[in-house]
Every structure is written in C-alpha cells, then in structure tokens.
C-alpha cells in the first residue's frame with residue numbers, strides 16, 4: 001500500500017501555494033499536517049448537534065438545508081430530521097437517516113457560530129494564507145456536507161468562493177471544470193447529466209487526512225457511489241471588490257456629516273422649464289461635506305473601519321460563539 005509522506009502546511013507551503021495555486025488551479029494535498037485536522041468526525045458531530053439544538057430552540061433552520069432525493073425540504077421537515085446528542089456520532093445519525101432515505105444530503109454553513117475554539121482554529125489556518133494573499137473583503141465560512149447522496153443535489157455550480165475541503169468520513173470525489181469551458185458549454189450549469197463533458201474536467205478524489213482546494217471560479221459537483229460520507233470545508237468568499245468595501249465605509253462617514261439630510265429618500269429640485277436642475281442643492285451640500293473632510297478625518301475613520309474588519313480575522317462572525 002502506497003503511503004504518502006506528510007504534507008506540512010507551514011509558511012513555505014503557503015508562500016508557494018499563493019504564487020502557483022491560489023485562484024489558478026485546483027490541487028489535492030495528501031496526508032496533511034495542520035491543527036485543523038483535529039476537527040475530526042467526533043468534533044464535527046458535537047458542533048453540528050450544538051447548532052441543531054440552536055435551530056430547534058429558535059424553531060428556525062436558517063443555516064441548514066436538507067435535501068431528500070434531491071429535493072430541498074421545508075423548514076418543518078428539516079427541524080425534525082436534524083442530529084441529536086443521542087445519535088452519538090455522524091455514523092449513527094446516518095444509520096437513523098438511512099432507515100428512511102436512500103438519498104439524503106444535509107448541508108450546514110454555520111458551524112463556526114457555536115464554538116470560539118473552533119473559530120480560532122479555522123482563523124489560524126486561514127491567516128497563514130491571508131498573510132500571502134491579503135484579508136478577504138467579505139469573509140470565510142465553514143461548511144459541512146454529509147449524507148449518502150450520489151451527486152450534489154443542486155447540480156454543477158459555481159460558488160464565488162475558494163474552497164478547502166476536508167473529508168472526515170468516507171471518501172470524496174469532486175469534478176471540476178474551468179469557467180471558460182462552461183461559458184462555451186452553458187448547458188453544464190445546474191445539470192446532473194454531464195457524461196460527455198467528463199473528459200474536459202478535473203477529478204479530485206480524497207479521503208480522511210487529505211485536503212483539496214479549488215478556485216472561486218471553478219464549476220464543480222461532488223460525486224459518490226451512494227456510500228455515506230461527511231466532509232467539512234472552508235470557503236473564502238471573493239465576491240466583494242475593494243471599491244465596494246471602501247465606498248461603504250465612506251458612506252458611514254457621510255451619514256454622520258450630512259445628518260438628517262443624508263436620510264432623505266427624495267431629492268428636492270428646482271424645475272427649469274421642462275428640465276430638472278442639473279445639480280440639486282442636496283448634491284452640492286454633499287460635495288461640500290466631502291471637501292470639508294481633512295486627511296486626518298479620513299485616516300481616522302478608515303482606520304476604525306479597517307480595525308473592525310481585521311479584528312474578525314476574515315471570519316463571518318467571531319463574537320457569538322461559546323468559548324468551550
């Protein structure tokens with residue numbers, strides 16, 4: 001049996017990854033050595049039960065989706081089928097589910113919200129990457145896919161986030177296409193029937209202890225023989241350009257400077273015959289508010305905005321989790 005030498009995800013690895021792989025090519029890394037491997041089957045089960053308990057308590061399944069035979073289930077059904085502590089493990093939860101469903105897929109995107117230690121573990125992992133590529137303007141989040149489904153229930157798709165995937169039960173296969181190919185073959189979008197296009201795809205197959213990555217632009221679908229698998233992932237969202245981030249921070253500053261006038265939902269104007277005033281007074285006042293901003297004003301405001309963003313360490317939310 002072939003044994004892959006450990007792949008240590010240290011600063012040297014991330015430096016090379018950022019230059020040659022990030023947002024360029026998918027990659028499979030076997031037998032990784034990194035602290036996030038402590039997020040194994042038992043730990044993920046604990047996080048999933050904790051979030052499921054929150055959903056049941058608030059009677060809201062936001063953040064979790066359940067697909068049966070490829071069909072998204074209504075909230076009531078989803079809440080009834082979520083894991084419980086008495087299931088004891090992901091495998092035993094699957095035993096319960098497989099008694100009723102030959103094809104199910106449970107998706108959860110909110111596991112980071114229930115545990116501070118896990119937040120720190122994931123943030124430490126992603127910060128090693130961010131030191132090379134920069135902090136995402138949006139966020140990174142942790143997702144989980146589990147079940148005995150044969151294909152991702154929403155077909156071939158693209159997410160807009162770079163993904164690191166970590167199987168914890170069973171083996172996982174991901175099939176990927178480049179965006180240029182899908183642009184030429186738009187019928188791939190959302191399909192489950194892509195046999196004729198397999199030769200144009202990249203197939204990544206991995207098991208427990210491995211990690212794979214694909215760029216935010218990669219179209220993809222997971223494949224399975226129908227055996228149970230559970231895979232968690234880190235998605236780094238790259239759909240928020242700098243000009244949006246910067247302009248929203250500037251809008252906060254203008255809101256303070258314009259006061260009540262900045263809250264107006266209509267713009268007063270002086271009619272000039274059949275034409276409108278080419279530049280209403282409210283616009284002139286807003287321009288003046290910008291001109292009155294000193295370099296110090298701007299630096300102080302954007303320093304505060306950047307501090308709020310960077311303190312999250314790229315995570316979606318780092319304040320609501322429990323510390324245990």
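The values are calculated or read from the model by the stated rules, or taken from the named source; none is laboratory data. Treat the numbers as computed from the prediction; the structure is a model and nothing was measured. Here the Cβ positions follow ideal geometry from the backbone for every residue, glycine too, while neighbour counts run over all protein chains shown.
Pick from 26, 5: which is over 17 Å from residue 228 (Cβ atoms) and either modelled with pLDDT under 95 or surrounded by fewer than 16 Cβ atoms within 10 Å (Cβ to Cβ) (or both)?
On the way: 26 fails: either modelled with pLDDT under 95 or surrounded by fewer than 16 Cβ atoms within 10 Å (Cβ to Cβ) (or both).
Selected residue: 5, the only one of 26, 5 that is over 17 Å from residue 228 (Cβ atoms) and either modelled with pLDDT under 95 or surrounded by fewer than 16 Cβ atoms within 10 Å (Cβ to Cβ) (or both).
Report, by residue number, each residue of segment 209-226 that is assigned to a loop (DSSP other than H, G, I, E, B) and either at pLDDT 95 or above or in contact with a helix residue (DSSP H, G or I) (Cβ under 8 Å, 6 or more places away or on another chain) (or both).
At the first step, the residues of segment 209-226 found to be assigned to a loop (DSSP other than H, G, I, E, B) are 209-210, 215-218, 224-226.
Once the filter is applied, which keeps residues that are assigned to a loop (DSSP other than H, G, I, E, B) and either at pLDDT 95 or above or in contact with a helix residue (DSSP H, G or I) (Cβ under 8 Å, 6 or more places away or on another chain) (or both), segment 209-226 yields 209, 210, 215, 216, 217, 218.
Identify the single condition in (1) in a loop (DSSP other than H, G, I, E, B); (2) closer than 30 Å to residue 16 by Cβ that residue 101 does not satisfy, given that it satisfies every other one.
With respect to (1) in a loop (DSSP other than H, G, I, E, B); (2) closer than 30 Å to residue 16 by Cβ, residue 101 is out only on (2).
Return the only residue of 21, 49 being closer than 30 Å to residue 219 by Cβ and either assigned by TED's automatic domain parsing to the domain that holds residue 229 or out of contact with any helix residue (DSSP H, G or I) (no Cβ under 6 Å at 6 or more places or on another chain) (or both). Give the steps one after another, and end with the answer.
Details: 49 fails: closer than 30 Å to residue 219 by Cβ.
Exactly one of 21, 49 is closer than 30 Å to residue 219 by Cβ and either assigned by TED's automatic domain parsing to the domain that holds residue 229 or out of contact with any helix residue (DSSP H, G or I) (no Cβ under 6 Å at 6 or more places or on another chain) (or both), namely 21.
Please pick out the residue among 48, 28, 66, 79 that is part of a helix (DSSP H, G or I) and closer than 21 Å to residue 172 by Cβ. First the steps, then the outcome.
Values: 28 fails: part of a helix (DSSP H, G or I); 66 fails: part of a helix (DSSP H, G or I); 79 fails: closer than 21 Å to residue 172 by Cβ.
Only one candidate qualifies: 48.
Which of the residues belonging to segment 150-160 are within 19 Å of residue 216 (Cα to Cα) and either over 19 Å from the mean Cα position of the chain (by Cα) or buried (at least 22 other Cβ atoms within 10 Å of the Cβ) (or both)?
Going through segment 150-160, the residues within 19 Å of residue 216 (Cα to Cα) turn out to be 152, 154-160.
156, the sole residue that qualifies.
Among the residues in segment 127-149, are any more than 16 Å from the chain's Cα centre (by Cα), assigned to a loop (DSSP other than H, G, I, E, B) and under 21 Å from residue 205 (Cα atoms)? Outline the logic, then answer.
Keep residues of segment 127-149 that are more than 16 Å from the chain's Cα centre (by Cα), which gives 128, 131-134, 146-149.
Restricting the remaining residues to those that are assigned to a loop (DSSP other than H, G, I, E, B) gives 134, 148-149.
Now narrow it down to the ones that are under 21 Å from residue 205 (Cα atoms): 148-149.
For segment 127-149, residues more than 16 Å from the chain's Cα centre (by Cα), assigned to a loop (DSSP other than H, G, I, E, B) and under 21 Å from residue 205 (Cα atoms): present.
Can you pull out every residue in segment 110-153 that is without any contact (Cβ under 8 Å) to a residue 60 or more places away in the chain and touching a strand residue (DSSP E or B) at 6+ places or on another chain (Cβ under 8 Å)?
Within segment 110-153, 110 is the sole residue that qualifies.
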